[in-house]
Amino acid sequence: MQKITAQFQIPFLQILDESGKADQALMPGLSSGQIRELFEWMVFARIFDDIAIRLQREGRMGTYPPMVGEEAAIVGTAYAMKRNDWLFWSYRENAAAMMKGAPVERILLYWASDVRGMGWPGTARAGFVSIPIATQIPHAVGFAWAAKMKSEKYATVVMFGDGATSKGDFYEALNFAGTFKIPVVFVCRNDQYAISVPRSLQTAAETIAQKSLAAGITHTIQVDGNDIFAVYSAVSDALASVKKGSGPAFVECITYRRSHHTTADDWTHYRAAQEVEAWQRKDPIDRLRIYLKANKLWNTRYEKGAVKQMRKKVDDAVKKMEAVKPADPKEMFTFLFEKPTPDLLKQMKESGL
Amino acid sequence: MAVLDMVQSLNRALREEMKQDRAVLVLGEDVGKNGGVFRVTEGLQKSFGALRAIDTPLAESAIIGVALGLAMNGMRPVAEIQFSGFLASAFDQIINHVSRVRWRTCGRFSCPLVVRVPYGGGIRALEHHSDSVEAYVVHTPGLKVVAPSTPYDAKGLLTSAIRDPDPVIFFEPLKLYRSIKQDVPLKYYSIPLGSASVVREGTEVTLIAYGAMVHECLKAAEIVQDRYSCDVIDLRTLKPLDMETVSASVEKTGRAIIVHEAQRFCGVGAEVASQIMEHNFLHLQAPVMRVTGFDTILPLPHLEKYFLPNAGKIVQTIERVMSY
């Protein structure tokens, strides 16, 4: 006997097409003010990048991984989250962390190679940045699981790139989440590159999204990751679904990393300028601007004002960041344990710190 | 008070802590219904349910990574890695994250996580099942590392590890799981992390060990007792290391031998020897010596007895040190 024992499909969602036209039937319920807010957050992300890169080039900040081109995936995800939802993130999702309350000057401070940049005070609902690839995914699953155990109602969102989906921690974490119906939303920024290695060398799988089906995660969708409405809509749906207790959900955002992997990288070594230009034409901010214009939500004065406001926000943060006094070298020892152990106290004393 | 072996005393510690703190949970491969392949978690699922004694998928990195997330969000997970060789799968999480959650968030988050790892030879287990991997772990800042040698200590130390606000890697010597029984209080008591114990008093040579090797040292001390007087120190915690106890003994005896199953090169013995040199140089009558596994792969059980230190090898080294 032969038969098909299971069959799967990956839905794809695009709401705002590349020409900036929206499919009204699919539009999420967003007010004009909210749509403008999405635009402003993307502008903020772009400006943050520009300033961060400039600071790095001027030697005022360390290595920095830019977001340019991926603003819709990053901002759309964070905007879909409710205030009490938690974000777990990796180095290319700085804007999402800041939208979840991470102070701008602290994020800058971290990239200025000061660990106090991850030690912000207050009520931000974002975990720490993960540098090793995919490692934050199991953290998010554990964090979300604890929330479920404590009957706390928020969900946890974890973001990662396409390279991360080649790693064991990705598979292991998805598999855990599927098995125990953990309220977590996985958001992959499939930006086509892991440093220099293209998506085609990362996996032979037709979609990244289908990897989640293998973990029994049925709420799985692929979206145009440069379409802010699609990202927002898919992540909102995913959050609503996981909060109902139907287990985890997965959103693959098809996007493109237009800049270098980090300021220490040079993309001209491994890809053609035409490829990057082609994606420039799919720019998420330009696309939303066309929509805003068509809906009478945009004029040059509005955008100038938004740019000015966002630039001021980052500039003020740069000032604050640069005014932070250099860390006391003792701090190397301070936070290793709740109380420094005797051996550490001894080393500290011997070193004269 | 009851007469318990180490498996039972560890089980008792887990049970007591799960009873007194709802945040404490155990997770790992086969730890639920089966009670763990060595039965350390036996009956916990029955008493506390499948949400607190959790059978996980077979994935060490996620067991530790997920446990970290649980710990960040208010739980007190005790994760079991089934056999020491499989700890390697979880190294990324342990070394890159568990050890530095508090440090890299300046205390915004912490990671009160215990990772239990059965380790060491002597039970003729399969390849990858008996390695002594403690040196990889003690080298990493931000972790506390424990290795008990008796049922009494195992319970008191595990209790402290679970209550500790920071991550603890808890090595359980396989050979001692069932081989020693002892009176153990069933009620709460704890043994502070970072305190060694003098398990035999002597005046001429200090034997320093942890885990199963403590008992080989005691045997060796017994064998030579008519000729040499041995102080035997059980480190109990490998990090932070209780050098006060070690130094006090070496100042008294002037001679030190460190014994461990793990390979010699950059093992715990190297650190202890080095610290003795730094602190007790003028008291030394002889070079600090080591009795350890060879710098070879731990052989399959067929040859294991040639690899592992034992009382005989320790006696030979005592002779060398005493006649130096």
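Number of residues in segment B:246-282 that are polar (S, T, N, Q) and in contact (Cβ under 8 Å) with a residue 40 or more places away in the chain: the value is 3. Taking the conditions (1) within 14 Å of another protein chain (Cβ to nearest Cβ); (2) assigned to a helix (DSSP H, G or I); (3) in contact with a Leu (Cβ under 9 Å, 6 or more places away or on another chain); (4) not aliphatic (A, V, I, L, M) in turn, A:K211 satisfies each one other than (1). Highlighted here are the helices (runs of 4 or more DSSP H) found entirely within segment A:27-128 that include at least 3 residues which are modelled with pLDDT of 95 or more and of a type in the set (F, W, Y): A:32-57. All of (1) crowded, with 24+ Cβ neighbours inside 10 Å; (2) within 14 Å of another protein chain (Cβ to nearest Cβ); (3) among the basic types (K, R) hold for B:R236 with one exception: (2).
Scanning segment A:127-160 for residues that are crowded, with 24+ Cβ neighbours inside 10 Å, more than 8 Å from chain B (Cβ to nearest Cβ) and among the hydrophobic types (A, V, I, L, M, F, W, C) turns up A:A134, A:A155, A:V157, A:V158, A:M159, A:F160. The one condition from (1) within 14 Å of chain A (Cβ to nearest Cβ); (2) modelled with pLDDT under 95 that B:A90 does not meet is (2). For segment B:37-63, taking the residues that are part of a helix (DSSP H, G or I) and touching a strand residue (DSSP E or B) at 6+ places or on another chain (Cβ under 6 Å), the one that is nearest to A:A173 (Cα to Cα) is identified as B:I63. Considering only residues that are of a type outside the set (A, V, I, L, M, F, W, C) and surrounded by fewer than 18 Cβ atoms within 10 Å (Cβ to Cβ), which ones fall in segment B:265-303? B:S274, B:Q275, B:E278, B:H279, B:H283, B:Q285, B:P287, B:D295, B:T296, B:P299, B:P301, B:H302 - these are the residues of segment B:265-303 that are of a type outside the set (A, V, I, L, M, F, W, C) and surrounded by fewer than 18 Cβ atoms within 10 Å (Cβ to Cβ).
Restricting the search to helices (runs of 4 or more DSSP H) fully inside segment B:100-184 and requiring at least 1 residues that are within 14 Å of chain A (Cβ to nearest Cβ), of a type in the set (S, T, N, Q) and surrounded by fewer than 24 Cβ atoms within 10 Å (Cβ to Cβ) gives B:151-163.
Restricting attention to segment B:45-75 and to residues that are more than 10 Å from chain A (Cβ to nearest Cβ) and in contact with a helix residue (DSSP H, G or I) (Cβ under 6 Å, 6 or more places away or on another chain), the residue that is surrounded by the fewest Cβ atoms within 10 Å (Cβ to Cβ) turns out to be B:F48.
Here A:K244 clears all of (1) free of Cβ contacts under 8 Å to residues at least 24 places away in the same chain; (2) more than 14 Å from every other protein chain (Cβ to nearest Cβ); (3) more than 30 Å from A:K153 (Cα to Cα) except the condition numbered (3).
The values are calculated or read from the model by the stated rules, or taken from the named source; none is laboratory data. Quick caveat, the model's predicted, so the values are computed rather than measured. Note that we place each Cβ from the backbone using ideal geometry, even for glycine, and neighbour counts take in every protein chain shown.
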